[in-house]
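Presented below is the structure to which this report refers.
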Amino acid sequence: MIRDHFRVLIADLSTEQRTITDIDGRYTVAGGSGLAAMLFEKYCSPSRSWDDPAQPLIFAIGPLTGYFPLMSKTVCAFKSPYHDQYAESHGGGRSALSLRFADFDALVITGRAKSPHALIVGSRQIELRDIHYLWGTDLQVAGKVLRRMFPGAGHRTILRIGPAGERQSPMACITADTYRHFGRLGGGAVMGAKNLKAIMIHGDASFPLPEGNDYVKVFDKVHTDMTDTEMMSKYHNLGTPGNIRLMNELKALPIRNLQATADPATDGITGERFAEVALLRNAACAGCPVGCIHIGFVRERFHEENRYLYRQISYDHELIFAVGSMLGVMDCFEVLKIIDVAEKMGLDVMSPGVALAWATEAFGKGMITEKETLVPLAFGDSNSYQQALEHIAYGTNEFYQLLSQGTMKAAARYGGGDFACVLGQEMAGYATGEVFFVSQALGLRHSHLDSGGYSYDQKPKGKTVDDAVKFLIQDEKGRVFLTSMVSCLFARGVYTDDMLSTCLTSVGYGALADNMDTVANEIQRLRWKMRIKTGYRPESVSIPKRFSEMTNWKGPVDRQFIEALKAAYGQRIVELAGFAEGK
Ligand code: SF4
């Protein structure tokens, strides 16, 4: 049975009060990104700092969660420690289905627990449990203990943080189950600030599927489109690591802090190479027949008589770029070892990887010394990077404390802002050109997933600012509607507007299907409104010089075009949010 309202659990960690409430808005914001922004507007105090206990940490799912494959994401919203503004981070694993089966559309966590706690959520049980003895444990240790404490699989998810989150680093992620993350903009730090080591969601209820044949036919069509087409092969076979070779061939792969965009040595870290020597198996988020998660292994010798421990580590394009090509580490097992350390520390791999690339160049230029870095950072030196990641997580000295706040914070103290590869936050693995750089720098999540700027750069289109702005706004609108359904964006080729309309109608949300364009406009407006209300000013975003010093397959980057596009796109964002410029 569908619900016309949202059923939301509000858990206050300070008072230990739990409230279940019905909130209207299904037909104006749909769910997912839209619901998260709506709840943020309701519960956030824009003028208070991100770590004020009153600030909410929100998890929201969508109207199609549980009904269709790849509607598998949960949207996490919070005020980010990275910039003290509104932020969204999306994660998968079993999180979305667990919330659906626990019978909630969203979870809003406020307050701060007196000591490190776990929040346990189910349809019949909502509980806070003191787990102070797990504070300080790395993610692998915490995961093992938590799985024993909360046994089960299927519709049970465990979200948790590591030492980086406990120390409230903006580079701290929230790990979902084992191989998925709410990665960027510091959701892990928000949990840390709330003294919340873990959230366990137990999907212990059931929900009825629509009666009749219509829904079954639509489900079959969606499932077939996902599994019988190129999409399955693309994401299941090599997965996103297949992009490493393609980007290298395009001269668009960031290498050694974007001092190069192609290098034959990247042969050692292509998706093909990983598949050949390091791939163990694929895994999938709950309810996903595609299974894009690629899992390799690292092993450690613990006895001279050839005895080994091994661990399974997931990898994808962004991780391989961030701690592989960007750090000049061109061996897949060394890349997996670095990812393994970041995972244990509860760090989002991309941000510290790119930050360490900046630090390595700054070290080479003599702007910082071993007094700051504690290890001799050098491109290609995997051992030093593994140690440096622990220093970032623990904030061992002033240098690492600053670096763990973001590359620009360290550059403000030590210099080197010109060669910081930061586009709002540390860059994603696509040096495709002007439109991507502007889209990540200004985008709401500062993510390559905000809009398809990287694909626009690759199309043989004329270079006009107007066309690019129209593309970015329109493409973002389509994506925010999808993320309000909580679709995995890998399914965007299957979940066209027509298909989404059919899916919504088949489960009973015909009124939403009839109004998709208006709802998408409202969600897009609301998200930007929240961002601007919490301090975002697109005109103050800068794109470091390094991005106009590089060359890719199209030749040198056009700085003038970057600046013109940045100004026009920024202005459009402010208009779209309903704010007069500069207010
Ligand atoms: S395609 Fe990958 S990320 Fe998307 S739902 Fe499936 S397993 Fe998860």
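The values are calculated or read from the model by the stated rules, or taken from the named source; none is laboratory data. Bear in mind that the values here come from a model prediction, so they are computed numbers and not experimental data. Ideal geometry is used to build each Cβ from the backbone, glycine not excepted, and the neighbour counts take in all protein chains shown. These area figures cover heavy atoms from the full protein model, side chains too; ligands, DNA and RNA do not enter into them. Shrake-Rupley method; radii C 1.70, N 1.55, O 1.52, S 1.80 Å.
Return a yes/no flag: does region 517-532 have any residue that is surrounded by 14 or more Cβ atoms within 10 Å (Cβ to Cβ), in contact with a helix residue (DSSP H, G or I) (Cβ under 9 Å, 6 or more places away or on another chain), modelled with pLDDT of 95 or more and farther than 25 Å from Ser80 by Cβ. Within region 517-532, one or more residues are surrounded by 14 or more Cβ atoms within 10 Å (Cβ to Cβ), in contact with a helix residue (DSSP H, G or I) (Cβ under 9 Å, 6 or more places away or on another chain), modelled with pLDDT of 95 or more and farther than 25 Å from Ser80 by Cβ.
Would you mind finding the one in Pro56, Pro63 that is within 20 Å of Arg3 (Cα to Cα) and either open to solvent by less than 10 Å² (accessible area, probe 1.4 Å) or not assigned by TED's automatic domain parsing to the domain that holds Arg112 (or both)?
That would be Pro63, the only listed residue that is within 20 Å of Arg3 (Cα to Cα) and either open to solvent by less than 10 Å² (accessible area, probe 1.4 Å) or not assigned by TED's automatic domain parsing to the domain that holds Arg112 (or both).
Residues in region 470-487 that are within 27 Å of Asn248 (Cα to Cα) and either open to solvent by less than 10 Å² (accessible area, probe 1.4 Å) or over 20 Å from the mean Cα position of the chain (by Cα) (or both): Phe471, Leu472, Glu476.
Here Arg94 meets each of (1) closer than 18 Å to Gly406 by Cβ; (2) within 16 Å of the chain's Cα centre (by Cα); (3) open to solvent by 10 Å² or more (accessible area, probe 1.4 Å) with one exception, condition (1).
Out of all the residues in region 51-74, is one or more within 16 Å of the ligand (Cβ to nearest atom), of a type in the set (Val, Ile, Thr) and in a strand (DSSP E or B)? Yes, the conditions are met somewhere in region 51-74. The combined condition, being in a strand (DSSP E or B) and either at pLDDT 95 or above or not assigned by TED's automatic domain parsing to the domain that holds His448 (or both), is fulfilled by His90. Exactly one residue out of Gly287, Gly268 is within 16 Å of the ligand (Cβ to nearest atom) and either free of Cβ contacts under 8 Å to residues at least 24 places away in the same chain or assigned by TED's automatic domain parsing to the domain that holds Pro352 (or both), and it is Gly287. Evaluate the following for His294: is it within 16 Å of the ligand (Cβ to nearest atom) and either open to solvent by 20 Å² or more (accessible area, probe 1.4 Å) or touching a helix residue (DSSP H, G or I) at 6+ places or on another chain (Cβ under 8 Å) (or both)? Spelling it out, His294 is indeed within 16 Å of the ligand (Cβ to nearest atom) and either open to solvent by 20 Å² or more (accessible area, probe 1.4 Å) or touching a helix residue (DSSP H, G or I) at 6+ places or on another chain (Cβ under 8 Å) (or both). Return a yes/no flag: does region 143-152 have any residue that is touching a strand residue (DSSP E or B) at 6+ places or on another chain (Cβ under 8 Å), more than 16 Å from the ligand (Cβ to nearest atom), open to solvent by less than 40 Å² (accessible area, probe 1.4 Å) and aromatic (Phe, Trp, Tyr). Yes, region 143-152 contains a residue that is touching a strand residue (DSSP E or B) at 6+ places or on another chain (Cβ under 8 Å), more than 16 Å from the ligand (Cβ to nearest atom), open to solvent by less than 40 Å² (accessible area, probe 1.4 Å) and aromatic (Phe, Trp, Tyr). Would you please name the residue that is modelled with the highest pLDDT, looking only at residues in region 303-326 that are hydrophobic (A, V, I, L, M, F, W, C) and open to solvent by 10 Å² or more (accessible area, probe 1.4 Å)? For region 303-326, the residue satisfying everything is Leu319. For region 233-259, filtered to residues that are free of Cβ contacts under 8 Å to residues at least 60 places away in the same chain and of a type in the set (A, V, I, L, M, F, W, C), the residue that is farthest from Arg180 (Cα to Cα) is Leu246.
Among the numbered conditions (1) crowded, with 18+ Cβ neighbours inside 10 Å; (2) among the hydrophobic types (A, V, I, L, M, F, W, C); (3) away from the ligand (no atom under 16 Å from the Cβ); (4) in contact (Cβ under 8 Å) with a residue 40 or more places away in the chain, the only one that Ala262 does not meet is (4).
For the subset of region 20-52 comprising residues that are of a type in the set (Val, Ile, Thr) and open to solvent by less than 60 Å² (accessible area, probe 1.4 Å), which member is nearest to Tyr67 (Cα to Cα)?
My answer is Val29.
For region 436-486, the tally of residues that are of a type outside the set (A, V, I, L, M, F, W, C) and in contact with a strand residue (DSSP E or B) (Cβ under 7 Å, 6 or more places away or on another chain) stands at 4.
For the residues Ala441, Ala431, the requirement of being closer than 14 Å to Arg546 by Cβ and part of a loop (DSSP other than H, G, I, E, B) singles out Ala431. Determine, yes or no, whether Glu563 is over 20 Å from Phe436 (Cβ atoms) and open to solvent by 50 Å² or more (accessible area, probe 1.4 Å). When the stated conditions are applied, Glu563 does not pass them. Of everything in region 75-91 that is within 16 Å of the ligand (Cβ to nearest atom) and more than 17 Å from Gly165 (Cβ to Cβ), the residue that is most open to solvent (accessible area, probe 1.4 Å) is His90.
Among the residues of region 502-515, those that are part of a helix (DSSP H, G or I), in contact with a Leu (Cβ under 9 Å, 6 or more places away or on another chain) and buried (at least 17 other Cβ atoms within 10 Å of the Cβ) comprise Cys503, Leu504, Thr505, Val507, Leu512, Ala513.
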